Every structure is written in structure tokens, then in C-alpha cells.
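Shown next, in C-alpha cells, is the structure this report addresses.
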Amino acid sequence: MSRSGGAPMPVALLHGAMRGPKGMLPTARALEGAGFRARAFGYATRRRDLAGHAESLEAELRAWLGSEGPEAIGLLTHSMGGLVARALLDRPSFRAWAPRQRMVMLAPPNQGSSLAQQLHDFPPFHWVYGRAAAELQPGPIARLAPPPDSCATLILVGGRGDSRGYNPLIAGDDDGVVATADTPLPGVSSEFVGGLHSTLQWRKDVLDRAARFLGTSEAG
């Protein structure tokens, strides 16, 4: 979808931890059907930190869209992908290349993952998640800058809509993986869409809402 009557706005899609870009292909097709130019990008969740993911992602975006940069760029993220996007947006070189951004975050652990915090001393968690086990902790994420003023942001979250959620290991409402309370950002509250963490990026109602936000001047 073009916001100025020109070429469709590009939207970069970022998956969650221990997933890959292929899982975001249905999401990309849905956004392309809504008039955007969408592409899924991957990052090695087990081997690099958020800053390393962001550096690689910026290089891939420049290769995709050219050295001059787009008028505006969209980001649609799932889970840990939202943290990678925040690290990307914290890079001055990226903001100079793409000075206007619109981002939709699906179930992002913006305050750190309560579940990852509980599993911090459980060795198999680190064996499976690798570097991401540390990157998902509240401490490192607290040092991550919020999105800049140039980035309008929408946060969509799952859950049961009650005080119990799906996962008994997580206090309060949750989507099975991320606590609702872990998702907001300073000045950006979360919008409840309900449901399980693992399917948010494929649901038609969620993607319709994301497309409306990405394609308008609605404030985050």
C-alpha cells in the first residue's frame, strides 16, 4: 500500500525466537494482498545478541531496498522479533537511511520475558535457546531503547482476557508464552486481540488490523 500514491510501502517481517522466516511467509502474502511490498527476514536467535541481529538486518534491508532508502518503512514483528526491531531502530545509521517508520509488534516481551526469567537457572533452557536465553531477560531488555518518535507503533497481544491466562507459570493474563503485562512500551499501551502466542502472526483479524495501521497515519 502506498501512502503517497507511489510505490507500495515496504514491510519487513521478523519472526520470534527459535523460528525462521519461512513461518512468516503466510504473513507476507497477506500483507502483499493488502497492497504492501512485504518480505520476511531471519536472524540466528541462538548465536548472536540483539545488536548483532540489528546490524545484519540493516545490511539486508539496504540490499533489498537500495542505498538511498525508502520514504517510509514498515515493520511487523512477532515475539522476540520486536526486540530485534527495537535494536534496529536504535541504530542512527538505520534512522538516517529510513527516517520514517511504522511498526506493528505482535506479543513482544518489551519488559523482558517473565517465563525466560523463571527458566534462567534451568540449563536445558540455555541449551535450547542459546544466546537468546540471556537476551530475553528483563535486565538486558531494560537497557534497550524504546522506539524513536519517528516510529509510530502498535502493540497487539494475545491472552484469555482474564487474570489467569493460558500458562500457569506466568502471573496474570498471558498468551501461553508472553505475559500481557510484559508487552507495553513507555507511552504505548497494548491492544488486546486474544488467543495463543504461536498463531497471532497468521490470524486474518490480526493481520487486517496490522494492515490498517501500517497503511494509515494512525498514531501509535
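Roll a 1.4 angstrom probe over the protein heavy atoms and tell me the percent of accessible area of the chain that is carbon or sulfur.
Here carbon and sulfur together make up 54 percent of the probe-accessible area.
Residues of the stretch 92-116 with backbone nitrogen within less than 13 Å of a virtual label 7 Å along the Cα-to-Cβ line of Leu169, please, listed as ranges.
113-116
Within the set of other residues whose C-beta is less than 15 Å from the C-beta of Leu156, count the net charge using Lys and Arg as +1 and Asp and Glu as -1.
Charge balance near Leu156 sits at -3.
Hey, if you put +1 on the Cβ of every Lys and Arg and -1 on every Asp and Glu Cβ in the chain, which of Leu65, Thr199, Thr27 ends up farthest toward the positive end of that dipole?
Leu65
So what are the ³J(HN,Hα) numbers for the stretch 172-184, from phi and the Karplus equation (6.51, -1.76, 1.60; θ = phi - 60°), rounded to whole Hz, Gly and Pro as x?
So the J values, rounded to whole Hz, are x, 6, 7, 9, x, 10, 10, 6, 4, 5, 8, 9, x.
Counting DSSP beta bridges with both partners in the chain, what percentage is antiparallel, nearest 5?
10 percent
Remind me, relative contact order of the chain in percent, using alpha carbon pairs under 8 angstrom and six or more residues apart?
Over the chain, the number comes to 20 percent.
Let me know the shape class of the stretch 157-209, please: from the alpha-carbon gyration tensor, a ≥ b ≥ c as square roots of the eigenvalues, rounded when a/c is under 1.5, otherwise prolate if a/b is greater than b/c, or oblate.
oblate
Any idea how far apart Leu25 and Trp127 come out in nm if each label point goes 7 Å out from Cα toward Cβ?
It is 3.2 nm.
Do you know the relative contact order of the stretch 141-220, to the nearest whole percent, from alpha carbon pairs under 8 angstrom that are 6+ apart?
That works out to 30 percent.
Would you work out if the stretch 66-141 is rounded, prolate or oblate? Take a ≥ b ≥ c from the square roots of the eigenvalues of the alpha-carbon gyration tensor; rounded if a/c is under 1.5, else prolate when a/b is larger than b/c, oblate otherwise.
It comes out prolate by the Cα gyration axes.
Per residue of the chain, what 222 nm ellipticity follows from adding -39500 (n - 2.57) for every DSSP H run with n ≥ 4, rounded to the nearest 500?
That comes out to -9000 deg cm²/dmol.
Could you pull out which residues in the stretch 181-200 have an amide N less than 12 Å from a spot 7 Å beyond the Cα of Arg160, following the Cα-Cβ vector?
195
Rounded to whole Hz and in sequence order, give me ³J(HN,Hα) for the stretch 9-23 from the Karplus expression 6.51 cos²θ - 1.76 cosθ + 1.60, θ = phi - 60°, writing x for Gly and Pro.
Taking θ as phi minus 60°, the curve returns 5, x, 10, 8, 10, 10, 7, x, 4, 6, 10, x, x, 4, x Hz for the stretch 9-23.
Could you give the accessible area per residue of the chain, probe 1.4 Å, as a whole number in Å²?
Ligands and nucleic acids excluded, the result is 44 Å² per residue.
Rank these by accessible area, largest first, 1.4 Å probe: Thr77, Thr216.
Result, largest first: Thr216, Thr77.
So for the pair Arg91, Glu60, with labels modelled 7 Å out along Cα→Cβ, what separation do we get in nm?
1.1 nm
Taking H placed 1.01 Å from N in the peptide plane, check which residues at least 5 places from Arg37 or on another chain put their amide H under 5 Å from its amide H.
For Arg37, whose amide H was placed from the backbone, the distant partners under 5 Å are Met9, Val11.
Search the structure for amide H atoms under 5 Å from the amide H of Ala179, placed 1.01 Å from N in the peptide plane, and list their residues when 5 or more places away or on another chain.
Here the answer is Ser114, Leu115, since their amide H atoms fall under 5 Å of that of Ala179.
The values are calculated or read from the model by the stated rules, or taken from the named source; none is laboratory data. Nothing here was measured: the structure is a model prediction, and the numbers come from that model. Note that each Cβ is placed from the backbone with ideal geometry, even for glycine, and that neighbours are counted across all protein chains shown. Side chains are part of the model used for accessible areas, which takes the heavy atoms of the whole protein and leaves out ligands, DNA and RNA. Shrake-Rupley method; radii C 1.70, N 1.55, O 1.52, S 1.80 Å.
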